[in-house]
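Remarks on the structure that follows.
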Amino acid sequence: MIGFRNVSKFFGGQAVLERASFQINPGERVGIVGPNGAGKSTVFNLIAGEIAPDGGEIVVPERLRLGYVRQQLNPRACEEDLLPYVENALPELREIQAEIHRLEGEAAADGNPAARLRRLGELQTRFEHLGGYTLKNRAERMLSGLGFPADWFYRPFRALSGGWQSRAELCRALLAEPDILLLDEPSNYLDIPAVEWLEKCLEQFKGTLALISHDRFLLNSLCTVTIEIANGRAERYAGNYDQYARERAQRYAQRLAARKNQDRKREQLERFIERFRSKATLATQAQSRIKQLARLERIELPKIAESPGRIRLRPPPHCGQEVVRLENAGVTYDGERWVLRHLDLSVNRGEKLALIGYNGMGKTTLLRLLAGNLPPSEGKRVLGHKVRIGYQSQDFAETIDPNCTVFHTLKSVAADVSDQELRTVLGGFGFSGDAVEKPAAVLSGGEKIRLAFARLLVKPPNFLVLDEPTTHLDIEARERLEEVLRDYEGTICLVSHDIDFVRHVATGIIAMTPPGVTRYAGGYEYYREKVSGEEGGASSGKRAAGGAQAQRESERARDLSAAAALAEPSSDKLDKKALRRQRAAERQALHEKTKDLKKAIQKAEKEVERLEAEKADLTRQLSGPPDKTNFASLSRRLQQVQYEIDIATAAWEEATVALERVAGEP
């Protein structure tokens with residue numbers, strides 16, 4: 001068990017932790033959440049013994065192996081190549097191996113004494129127990145899972161970039177299989193495939209896991225306990241991030257009600273004391289009330305940031321249907337190695353596309369090519385009619401003038417927008433009151449990103465190109481940005497390593513893999529179903545719907561052909577009776593066709609109503625008690641129901657359009 005008992009920690013006189021108490025039990029999977037700068041990394045440094053508390057007690061079990069992957073690596077020289085460095089996760093294995101080699105040599109020279117043979121057997125058993133014989137294979141699998149190409153395995157570790165060094169440190173920690181694993185923002189430098197691999201790997205981890213992350217996908221899929229660090233305090237919640245968010249709101253409401261009751265009680269005591277303390281007959285009762293008032297410990301409410309309200313942006317200017325088109329495009333930086341080649345891609349108005357793939361596959365290059373910041377080395381790029389681009393690179397926030405205030409940063413790009421409207425936009429991005437007068441130089445990384453978005457969207461372009469927009473943003477800021485982008489009426493192409501962010505924003509996926517670029521005309525879940533091959537009933541339903549649609553089109557074509565044939569001019573030889581029979585047949589055919597379409601519409605309407613009712617029931621069940629609710633099963637069914645609703649709605653729309661067309665026929 002890891003225990004914090006009334007722990008305080010100060011930096012420069014400022015309390016980061018103040019009498020914080022919580023515990024982490026053996027085998028638990030704990031998510032550590034809270035605003036940026038609240039002290040989450042400080043908690044890990046205290047557990048690891050790298051810093052000492054200024055007050056209170058920290059209990060960490062002895063003789064347990066601790067693995068710690070930091071958000072910021074400590075710079076140090078490392079002369080080893082990548083694979084040997086990762087393999088050296090357990091120095092004990094090297095020591096055992098060296099002693100085994102020494103004993104084997106000595107045993108051969110001295111005739112294999114029994115004592116040395118026993119020691120040799122003990123060492124070999126220990127070496128096998130620690131996984132020494134499979135260490136290299138496991139290290140190679142982990143490196144590959146986190147995106148390292150095989151030809152990098154013997155590159156010098158110090159020659160890697162900071163992001164790749166962080167991945168290697170993560171591999172090293174996982175390979176050691178520690179008893180307690182501390183991960184501080186492990187997904188910061190990971191692309192989406194690597195995040196998915198990490199999630200599967202950590203699911204198999206058997207020790208105690210503590211995870212600091214802004215990645216809701218990891219917090220929801222891995223954690224069974226959540227500890228919030230905020231305002232110097234620590235508070236423990238049962239469940240993953242979504243359960244924590246619901247429980248936190250409930251606890252706040254309960255404390256608010258208790259605080260109001262306490263305030264009423266306090267007012268009653270104060271009124272009694274004020275009114276009767278001078279009366280001799282009631283002096284004793286007044287003194288008793290004074291003591292009660294002194295013992296009344298004030299209920300403190302947690303500080304919850306007030307929501308700045310819904311961000312309402314101006315609608316972007318209209319543009320043509322095709323926003324941008326690449327024709328046989330390719331990019332090379334050195335004239336020899338091609339990052340992209342033979343690429344044909346079209347982006348249409350209103351699409352919200354996410355680029356997914358391992359680092360190094362050219363996602364940022366493709367974004368720059370689409371945005372026009374990088375000319376194609378071959379082929380061509382065609383920009384649509386009246387398209388206005390807003391491009392955000394990964395270092396976009398660094399282009400803000402540090403000497404300019406928050407307000408004037410916006411005013412400099414939107415001089416024609418009223419001051420009130422500018423303040424409204426800034427309020428939506430978390431800058432209100434005196435905060436708009438802060439110079440940009442004093443803003444945190446997350447604040448700079450939010451200001452950069454406010455500057456980009458105060459006069460919205462109609463084509464947003466965003467490269468890792470969630471970097472440095474905490475969970476609340478990410479959720480607000482999701483809301484803005486979901487409501488945005490223009491076109492979006494983005495790269496993000498945040499799976500939940502992609503899931504909530506993207507309506508289409510562009511997967512970048514070694515074979516090439518593949519488009520998926522659905523969101524993240526649709527893409528995962530396709531690439532995993534686990535489409536099940538949803539895919540069968542889609543194929544059936546497609547077959548039914550093709551059959552309806554064929555029947556429609558036959559009906560139209562028959563109607564055309566029936567509509568040909570009658571021969572002079574036809575008498576009036578034959579003409580009446582022809583018209584009756586036409587009316588009967590039209591009636592049958594109309595009747596079938598009406599039945600199809602009614603059937604689709606009933607199906608949509610049934611599915612919507614099931615969706616509402618599933619949503620209600622998801623709010624049930626954590627110990628009695630199968631969240632994974634309910635969430636999967638909820639996604640399936642939404643897909644079936646889309647299919648039924650499409651069938652309804654098609655039948656309705658067909659009925660209108662038939663009703664208009666002569």
Which members of the stretch 433-444 meet the condition of being within 19 Å of T471 (Cβ to Cβ) and either in contact with a helix residue (DSSP H, G or I) (Cβ under 7 Å, 6 or more places away or on another chain) or not assigned by TED's automatic domain parsing to the domain that holds F407 (or both)?
A440, L443
Can we say L464 is closer than 26 Å to L326 by Cβ, in a strand (DSSP E or B) and more than 17 Å from the chain's Cα centre (by Cα)?
yes
Can you tell me which residue in the stretch 190-221 is nearest to L83 (Cα to Cα), limited to those that are surrounded by fewer than 20 Cβ atoms within 10 Å (Cβ to Cβ) and aromatic (F, W, Y)?
W197
Would you pick out the residues in the stretch 180-206 that are of a type outside the set (D, E, K, R) and part of a loop (DSSP other than H, G, I, E, B)?
P186, S187, N188, Y189, L190, Q204, F205
Pick from the stretch 499-529 the residues that are under 23 Å from L218 (Cβ atoms) and among the basic types (K, R): which of them is modelled with the lowest pLDDT?
R528
Qualifying positions in the stretch 418-463 - more than 30 Å from E351 (Cα to Cα), out of contact with any Gly (no Cβ under 8 Å at 6 or more places or on another chain) and polar (S, T, N, Q):
S418, Q420, S432
Is at least one residue of the stretch 13-23 more than 25 Å from E476 (Cβ to Cβ), of a type in the set (D, E, K, R) and in the same structural domain as L181 (by TED's automatic domain parsing)?
yes
Is it the case, given these coordinates, that G379 is modelled with pLDDT under 85 and either surrounded by 16 or more Cβ atoms within 10 Å (Cβ to Cβ) or assigned to a helix (DSSP H, G or I) (or both)?
no
Considering only the stretch 35-45, state which residues are over 20 Å from the mean Cα position of the chain (by Cα), in contact (Cβ under 8 Å) with a residue 40 or more places away in the chain and not in a loop (DSSP other than H, G, I, E, B).
S41, V43, F44
Give just the number: which of (1) modelled with pLDDT under 75; (2) surrounded by 12 or more Cβ atoms within 10 Å (Cβ to Cβ); (3) under 45 Å from the mean Cα position of the chain (by Cα) does H129 not satisfy?
(2)
Looking at L374, L326, which is the one that is surrounded by 19 or more Cβ atoms within 10 Å (Cβ to Cβ) and either touching a residue at least 12 places away in the same chain (Cβ under 8 Å) or in the same structural domain as E489 (by TED's automatic domain parsing) (or both)?
L326
Taking the conditions exactly as written (assigned to a helix (DSSP H, G or I), small (G, A, S) and surrounded by 14 or more Cβ atoms within 10 Å (Cβ to Cβ)), does A234 satisfy them or not?
no
Is there a residue in the stretch 334-347 that is among the hydroxyl-bearing types (S, T, Y) and within 23 Å of Y189 (Cβ to Cβ)?
no
Just for the stretch 103-114: of the residues that are part of a helix (DSSP H, G or I) and surrounded by 10 or more Cβ atoms within 10 Å (Cβ to Cβ), which one is modelled with the lowest pLDDT?
A107
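Conditions tested, residue by residue: (1) surrounded by 13 or more Cβ atoms within 10 Å (Cβ to Cβ); (2) under 32 Å from the mean Cα position of the chain (by Cα); (3) over 16 Å from I180 (Cβ atoms).
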| residue | (1), (2), (3) |
| --- | --- |
| N6 | yes, no, yes |
| I24 | yes, yes, no |
| V33 | yes, yes, yes |
| P53 | yes, no, yes |
| I58 | yes, no, no |
Please specify each residue of the stretch 583-622 satisfying the condition of being of a type in the set (A, V, I, L, M), within 37 Å of the chain's Cα centre (by Cα) and surrounded by 12 or more Cβ atoms within 10 Å (Cβ to Cβ).
A604, V608, L611, L618, L622
The condition of being modelled with pLDDT under 85, part of a helix (DSSP H, G or I), in contact with a Leu (Cβ under 8 Å, 6 or more places away or on another chain) and of a type outside the set (A, V, I, L, M, F, W, C) holds, among R255, R275, only for R255
From H385, H342, H408, residue being in a strand (DSSP E or B), more than 25 Å from S496 (Cβ to Cβ) and of a type outside the set (D, E):
H342
Subset of the stretch 305-323 [surrounded by 13 or more Cβ atoms within 10 Å (Cβ to Cβ) and either at pLDDT 85 or above or β-branched (V, I, T) (or both)]:
I311, P316, P317, C319, G320, E322, V323
Looking at the stretch 415-450, which of its residues are at negative phi and not in a helix (DSSP H, G or I)?
A415, D416, V417, S418, F429, F431, S432, K438, P439, L443, S444
Note down all Cβ pairs under 6 Å where the first residue falls in the stretch 225-251 and is at pLDDT 90 or above, the second is among the basic types (K, R), and they're at least six residues apart or on different chains.
I227/R236; I229/K40; Y241/R216
Residue under evaluation A564, criteria (1) modelled with pLDDT of 75 or more; (2) more than 50 Å from the chain's Cα centre (by Cα), criterion not met:
(1)
L117 fails exactly one of the following numbered conditions: (1) at pLDDT 75 or above; (2) not assigned by TED's automatic domain parsing to the domain that holds Q165. What is the number of that condition?
(1)
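The values are calculated or read from the model by the stated rules, or taken from the named source; none is laboratory data. Fair warning: this is a prediction, and the values are worked out from it, not measured in the lab. Backbone-built Cβ (ideal geometry, glycine too); neighbour counts: all protein chains shown.
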